[in-house]
Amino acid sequence: EAMRKALEGASPSGDGVKMSISDNPDLGEMAILSAQVKTPDGQNTTLNLVGPSRMDYDLAVSMLQYVSETLDDYFSQIGEKGESEECPQRKNGTPKA
C-alpha cells in the first residue's frame, strides 16, 4: 500500500522526467523517477524507476528518458500502421539474445 501511494504521488503531469523522494518510514529512503509513455491506443501510462536516494541521478534520468522516448517511438509506429504487433524480441515466441 505504501509503495502504491508513493508511485501515485510520483506520476508525471507532462513531458520529461519527474523525480520524487519517498519520506515514508515503511519504504526507507528511496527515489522514484517517472516518465509518461503514450500507448498505441492513445492512452498515457507511467514508466517508473525506483532506486536508492543516493543513485546517480544524471545516469538514471538519461536512461529513463531514453527508454520512454524509445517506447513512444515504437508505439507511435504501431499506431500509424493501424495494427497490433508483437514486441520484436518476442516474435516467434523466443526472445532474441
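The values are calculated or read from the model by the stated rules, or taken from the named source; none is laboratory data. Quick caveat, the model's predicted, so the values are computed rather than measured. Cβ: placed from backbone, ideal geometry, glycine included. Neighbour counts: every protein chain shown. Just the protein is used for accessible areas: all its heavy atoms, side chains included, with ligands, DNA and RNA removed. Shrake-Rupley method; radii C 1.70, N 1.55, O 1.52, S 1.80 Å.
Would you point out the residue of segment 17-38, among those that are touching a helix residue (DSSP H, G or I) at 6+ places or on another chain (Cβ under 8 Å) and open to solvent by 40 Å² or more (accessible area, probe 1.4 Å), that is modelled with the lowest pLDDT? Once the filter is applied, the top-ranked residue is Asn24. Report yes if some residue within segment 88-97 is exposed (fewer than 11 other Cβ atoms within 10 Å of the Cβ) and either modelled with pLDDT of 90 or more or touching a helix residue (DSSP H, G or I) at 6+ places or on another chain (Cβ under 6 Å) (or both); otherwise report no. Scanning segment 88-97, I find at least one residue that is exposed (fewer than 11 other Cβ atoms within 10 Å of the Cβ) and either modelled with pLDDT of 90 or more or touching a helix residue (DSSP H, G or I) at 6+ places or on another chain (Cβ under 6 Å) (or both), so the answer is yes.
Taking Met63, is it closer than 20 Å to Met3 by Cβ, under 13 Å from the mean Cα position of the chain (by Cα) and open to solvent by 70 Å² or more (accessible area, probe 1.4 Å)? No, not satisfied.
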